[in-house]
Structure formats: C-alpha cells, structure tokens
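Asker: Take a look at the following structure, please.
The values are calculated or read from the model by the stated rules, or taken from the named source; none is laboratory data. Being a predicted model, the structure only gives us computed values, none of them experimental. Methodologically, a virtual Cβ is constructed for each residue, glycine included, from the backbone with ideal geometry; neighbour enumeration extends over all protein chains shown. Each accessible area value is taken on the protein alone, full model and side chains, heavy atoms only, with ligands, DNA and RNA left out. Shrake-Rupley method; radii C 1.70, N 1.55, O 1.52, S 1.80 Å.
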Amino acid sequence: MSDTSVTSPPKRAGLGSLGFALCVALLALVPWFTGSVFHFHIAIMVCLGAMAAAGLATIAWVGQLSLAHGAFVGIGAYTCVLLVTRLDMPFLVGLPAAAVFSGAVAYIIGTPLLRLRGVYFVLITFALNELFRLVMLEFPSVSGGSSGIAGIPKISLFGWELRDQSQVYVFTLLMLAAVMALLWTIRRGPLGRWFSAVEENMALAESSGIPTARTQNMAFVIGSGIAGFTGAIMAHYIGFISPVTFAFQLSVSYVIILVVGGRLALAGPLVGALFLVPLPEFLRSAQEYQHIIYGVVLIIVLRFLPAGLTALPGKLSQWRRSGE
Amino acid sequence: MSFLIAQSLINGVILGTLYLMMAIGFTLVFGIMRIVNFAHGEFYMIGAFMALIGVTWLGLPYAATLALTVVFAVLLGALVERVVFRPFRSDELSGMIASLGLAMILQNGALIFFGPDPQAFPAMVSGVLRFGDLIIPKSRALTLGIGVVVLIGFYVLLMHTRFGRGLRALVQDQQVAALYGVRLEIMYPLGLGLGIALAAVAGALMAPLFGVSPFIGAAPLLKAFIVVILGGLGSIPGAALAALLLGLIESFTSSFVSASAADIVTFALVVAVLLIRPSGILGRGEA
C-alpha cells in the first residue's frame, strides 16, 4: 500500500501492549457479566469479523487489498457444510478441510493474480467475487441456488453439540486466539520480515534475494485459508448460507473493519471488529443510519488516521506533545 | 433467424450506448484523479431520482429535467471532490476505499429519503418504430437518440475546446499539465463533476425504461467496471470499443443462450483480459 506514514510494528511492546491486551480480555468477558444471549451473539459476530479481517490483514501485509475475501469465506462455508451434510463428516473434519480447500483455491489462482498490483488487483478480485456468486447460482444442486442451504447442523465437537450461545462463544474465542497466535508467530518470524519487505519496497525486496512472488502467494494462501476457516464456523453458527451471503457487501465489510482498525497493525482487525460490529447495537434508535455511519467513519478514518484506530494512542500523545 | 440477429444487433447497440455513458464518466474520473470510483453507480441512481423529481413532482418537461440533472450533478461532483476525494489525490488505494464509503452513504441516504420500493416513471413517448420486420419501441429510440447526442456533445467538449484540452493534458501527465498552466484547482472538481454528470444523465435516460429505486446503481456500476477493464482504465477509445462489444455480447448471448450465461461469459472475459493484458485492449501499458 502506498501509505508511507504507516510505521512498521511498534517495537516498544511495553505498557501499551499490556494495557491493550488487558482491555481486550476484559471486553471478551463482558457477555458473562451481563449474561444476555444477545450479548453473546454480538460477541460471536465480533470474533468472526475479527477472524476474517485478520485473514484480509495477512494479504494486506504484502501490500495487496483483496475484494474477493467474502468469496473465500463462502468457499470455506460451502466446503464444510457440504462435507458435514452430504458426506456425514464430523464438523472437526470439515473445519480444517474448509481452511485447506480455500487455501488451495487461493494457491491455484494466486500465481497469475498476484502479478497485478494496486487497484488492478482490487479490480480482478472484485470481478472474481462476482464470478463466484454467479457460478454458485448456476449450480443450485451444490449451492442451494438463491434459496441457499438452510438448517445447517450446529457446531459439534466429538459428538458434543454446542447448543448454547455461550458455548459457541467460548469455541469461537479460542479459534480467534489461535488465529491471532498464528499471525503473531508469522510476524515475528522470517516470513513476517519478508512480508513487510515486500510491502515496503517490492523492487528492493526482490534485489535482496527475497522471492517476492512466492511471498505474496504465501500471504494470499494463508489469508484466504483463514477466510475459509471463518466461513465454516460462521455457516454452522448461523445455520444458513446462500451465494448471496458471500457477495460483494461481505467483502466490503471486511475491508472496512480492516481499514478502520489499521491495515498494517497486528491488532488492527481486532480493534476494527470491536468498534464496528457492535456499533449498530448502540445506534438502535437510528438503525437506518447504520450504513451511512459506517461510510462516514470509513472516510474520516482514512482521512485523519490512515493507519487506523490502532494508531490513535500514538497520534494523541503526538498531538499533546506538539500542543505543549 | 436473420430477423433475430438484426434485432439483437439493435438491442446491443442501445445497451452499448448506455454502458458507454457510464464507462466514459468512470474512466475520465480515473484518468484525471486516479480514483477507481465505486460510487459511480450511485450517481446513476441519483440522476434517475433527479429525473423523477423533475418530471413528476415539479412537472417540468423532460428536456429541462435532463439539463437540470446535468447542472446538479456537476455541482454535486465538485462538492464530493472537495469534501471526500481531495485528500487522496496521490493515493489510488485510499481514494478507492473512500469511494466505497461514499457509495454506502449515498445509497442509504436515498433509501431513507425515498424508501426501498421501486417507483414507476411515466413513459415519455409511446408506440413503436417499424423498419420492415424490425421493431424498436419509441421509448428506447428516444433514449438511444439522446444518449448519442450527449456522447457527441461530450466528444466535442473534450476534443475541440480549451477546457477539454486541459482535461486530456491532465490525464496524460498531471505535473506537465500544471506547468503549462492547466489550473488543477478548477479542473479536478469540474472533471469529477463532468464524469458524474454523464452517469447522472445515463440514469435519467434509463429511468423511463427501467424504473427508479435506491438500488439501481449496482448493475450499471458493474457494467462500467467491465467496460473500462476490457478497454483499459483511463482509455476513452478503449471504452467506446469495449462498451459496444459488451452490449452486443450481452444482447446476443441472452437472445441465443440465456441471460445468466451472458453474465458469466462477460465476467470470464474480464478475468481473462486482466490476466493477459491488464492495461486493457487499447489501454496504455502501466499495470
């Protein structure tokens, strides 16, 4: 991404990070304090949004923005649901299969796709997302057509069905933690350094001996695999999927979560989802304005906080210092 | 059979003209401002609502309504440039993401203001024109006629006026254009306004044929995308060729195969062109 004001991951992982982790942990406990089923539902949706956006973030770390992310969530959802309902596989087989299959699709189309950069990559992923919807609608025997697949069984682990929202929440929270841990490991390892080298300066990375094409493809495969993983959980929690579920709008919502949270920060997807997913619930009385508010928030963040809400504390202390 | 071919040909040309109006505005905005405008379809929708307000609420004649739509759209474009797009001039990706936000604001604004239901638009003309076996409804002929006039007017403005020369210079090289005295502060808002006005006029022209609702912008936006990808982002001759091609492909595939096949064929074509020749059929190599 051409944004130069964005700094690489902050090195001073001291008090700030600790405080942030504490805040997130406290927020994660909120549904238990209130005990409301509805709050558990919101919390699950936050986790799912953060997880999918984390996949999108992985792709953003090599400097690409995918508008086909919703389609990969869809590929994972359909993979898992079809395995569970048609072949009677357990959910715990379908879930990794969803991630692997989404990743495999990304691997196959990634090589030709990632030759394109910037807006051209965005445009082709936009076209592919649309193509996914159209093709799925053409095969109702697989996708259920425009009426979709309803009555998807609930998530079950070793024959134990997660009936309660609170149980699903614990499971989703653990999965989100696993995804974030994976990303944290990647960022600290050599692959993470390759990612940021490719993102910052492709030509320089290439001439330093980094296989840029393979690095980008790796990020695309990991990110899309995470999308498929999210899709499987989402499908079995909500219980209904159709090709329209995974249309352009879903991809856009993930872009908004990521951009508002912060494109290049590890915590970006978390912050974005925590802020945006519950937002409509606080605006109950003004529900029809919900999307308008999303749009306004997006434009304002892009304009004044191009590195996202995660950069807000840094900016604030900067303003305070310059104000003195 | 030959009758069916000729009929498909005419329908294809009508479609192509409308796609061209959408695509030229879209590609002009990209050429001048380097912004892939995801909100372009919403200006088509706004144009259609402008026409509805002019004709049914205010009782104005159709021609006056169209003229008012153009003026309003240019002003709206200048405002949007100032408020939304100006900070992202040098940043293609952020500008594009901002346009996603703008699209949400405009569509849901229209939803609150006009409600979700499609609204009927009174027919401007009725009856059909006959040429031998061929039948063209007069309403479509009117749309086609005005569309062609608007496009010719736009061509003259772009190719034979000082303002048009400035715009074309901007598309070629911003800095050199500025050095030669092209005033960016005027050209950016007007360029965006002009691009948006073309979309709004297309919406106002299509309103009598397809009705009006807050959701009508999505399909034309998609067509504009397809056309500019096939023709090359920023290339107007490319857009002209691709718009006609797309209109004909759609009209023939839906006459002889099916409508959903037409969509799949065009999207597959888009993916193929982007992979093989990302700069489009007639575009300049830059991707």
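Asker: Over the heavy atoms of A:Tyr107, what accessible area does a 1.4 Å probe trace out, to the nearest 10 Å²?
Answerer: A:Tyr107 exposes around 140 Å² with every protein chain in place.
Asker: OK, next. Would you mind calculating the gained length between A:Trp184 and A:Thr34 on full extension (0.36 nm times residue separation, minus the Cα-Cα distance), in nm to one decimal?
Answerer: 50.9 nm
Asker: Using 7 Å Cα-to-Cβ label points, what is the A:Arg117/B:Trp57 separation (nm, one decimal)?
Answerer: Calculated label separation equals 4.8 nm.
Asker: Let me ask something additional. Please report, largest first and rounded to whole Å, the three semi-axes of the ellipsoid equivalent to segment A:119-204, where each semi-axis is the square root of five times an eigenvalue of the C-alpha gyration tensor.
Answerer: 34, 28, 9
Asker: Please report the accessible area of B:Tyr155 (heavy atoms, 1.4 Å probe, ligands and nucleic acids excluded) in Å², nearest 10.
Answerer: The accessible area comes out at roughly 130 Å².
Asker: Considering only protein heavy atoms and a probe of 1.4 Å, how much of the accessible area of the protein assembly as shown is carbon and sulfur, as a whole percent?
Answerer: 69 percent
Asker: For the pair B:Ala268/A:Ser146, report the inter-label distance in nm, with labels modelled 7 Å from Cα in the Cβ direction.
Answerer: Placing both labels 7 Å beyond Cα along the Cβ direction yields 2.2 nm.
Asker: At 1.4 Å probe size, with no ligands or nucleic acids counted, give the accessible surface of A:Met45 in Å², nearest ten.
Answerer: The accessible area of A:Met45 comes to roughly 50 Å².
Asker: Applying the Karplus parametrisation 6.51 cos²θ - 1.76 cosθ + 1.60 with θ = phi - 60° to the phi angles of segment B:169-179, what ³J(HN,Hα) value in whole Hz is obtained for each residue in order, glycine and proline being reported as x?
Answerer: Computed from phi, the couplings for segment B:169-179 are 5, 4, 4, 6, 7, 4, 5, 4, 4, 5, 4 Hz.
Asker: Note down the net charge around B:Phe131, summing +1 for each Lys or Arg and -1 for each Asp or Glu among other residues with Cβ under 15 Å from its Cβ.
Answerer: Taking every other residue near B:Phe131 into account, the sum is +2.
Asker: In addition: I need the phi-derived Karplus couplings for segment B:90-107: 6.51 cos²θ - 1.76 cosθ + 1.60, θ = phi - 60°, integer Hz, Gly and Pro marked x.
Answerer: For segment B:90-107, the Karplus curve yields 9, 10, 4, 5, 5, x, 5, 5, 4, 5, 4, x, 4, 4, 4, 4, 5, 5 Hz.
Asker: Given the -39500 (n - 2.57) contribution per DSSP H run of 4+ residues, what per-residue ellipticity at 222 nm results for the protein assembly as shown, rounded to the nearest 500 deg cm²/dmol?
Answerer: -24000 deg cm²/dmol
Asker: So what J values fall out for segment B:129-138 if you push phi through Karplus, 6.51 cos²θ - 1.76 cosθ + 1.60 with θ = phi - 60°, rounded to Hz, Gly and Pro as x?
Answerer: Going residue by residue, I get 9, 10, 10, x, 7, 6, 10, 10, x, 4 Hz, with x marking Gly and Pro.
Asker: Could you please state, rounded to a whole Å, how far the C-alpha centre of segment B:176-213 is from the C-alpha centre of segment A:290-312?
Answerer: 26 Å
Asker: In whole Å, what are the Cα extents of segment B:1-139 along the three principal axes, biggest one first?
Answerer: 57, 37, 26
Asker: In terms of modelled amide H atoms, which long-range or inter-chain residues lie less than 5 Å from the amide H of B:Gln119?
Answerer: Those lying under 5 Å, H to H, from B:Gln119 are B:Val212, B:Ser213.
Asker: Please arrange A:His41, B:His160 by accessible surface area, largest first, computed with a 1.4 Å probe and ligands excluded.
Answerer: Final ranking, largest accessible area leading: B:His160, A:His41.
Asker: May I pose another question? Cβ under 13 Å from B:Gly247's Cβ, B:Gly247 left aside: what net charge do those residues give with Lys, Arg +1 and Asp, Glu -1?
Answerer: +1
Asker: Calculate the spin-label point distance for A:Leu191 paired with A:Trp160, positioning each point 7 Å from the Cα along the beta-carbon direction, and give it in nanometres.
Answerer: Those two pseudo-labels are separated by 3.0 nm.
Asker: Could you compute the net charge surrounding A:Ile222? Neighbours are other residues with a C-beta less than 14 Å from the C-beta of A:Ile222; K and R count +1, D and E count -1.
Answerer: Here the count lands on +2.
Asker: Continuing with this model, one more query. If you scale each eigenvalue of the Cα gyration tensor by 5 and take the root, what three semi-axes come out for segment A:34-248, rounded to whole angstrom and sorted largest first?
Answerer: Taking √(5λ) for each eigenvalue gives 31, 21, 14 Å, largest first.
Asker: Calculate the dipole size of segment B:19-216 relative to its Cα centre from +1 charges on Lys and Arg beta carbons and -1 charges on Asp and Glu beta carbons; express the result in debye to the nearest 20.
Answerer: The calculated dipole for segment B:19-216 is roughly 420 debye.
Asker: Length gain on complete extension for the stretch B:Arg82 to B:Gln119, per 0.36 nm per residue less the alpha carbon to alpha carbon distance?
Answerer: Contour length minus Cα-Cα distance gives 10.1 nm.
Asker: Hey, could you grab the Kirkwood Rh for chain B? Inverse mean 1/r over distinct alpha carbon pairs, Å, one decimal.
Answerer: 19.3 Å
Asker: Based on the alpha-carbon set only, what is the convex hull volume of segment A:170-262 divided per residue, in Å³?
Answerer: 117 Å³
Asker: Okay, next question. Taking all pairs of distinct Cα atoms, average 1/r, flip it, and tell me the Kirkwood hydrodynamic radius of the protein assembly as shown in Å to one decimal place.
Answerer: Averaging 1/r across every pair of different Cα atoms and inverting gives 25.6 Å.
Asker: Oh, and also: Given R₀ = 60 Å, FRET efficiency for A:Met89-B:Arg162 by Cβ-Cβ distance, to 0.05?
Answerer: With a Förster radius of 60 Å, E is 0.30.
Asker: Any chance you could run the full-extension gain for A:Glu138 through A:Leu174? It's 0.36 nm times the residue separation minus the Cα-Cα distance, nm to one decimal.
Answerer: Separation in residues times 0.36 nm, less the Cα-Cα distance, equals 9.3 nm.
Asker: Determine how many Å³ per residue the convex hull of the Cα atoms of segment B:140-287 encloses.
Answerer: Normalising the Cα hull of segment B:140-287 by residue number yields 126 Å³.
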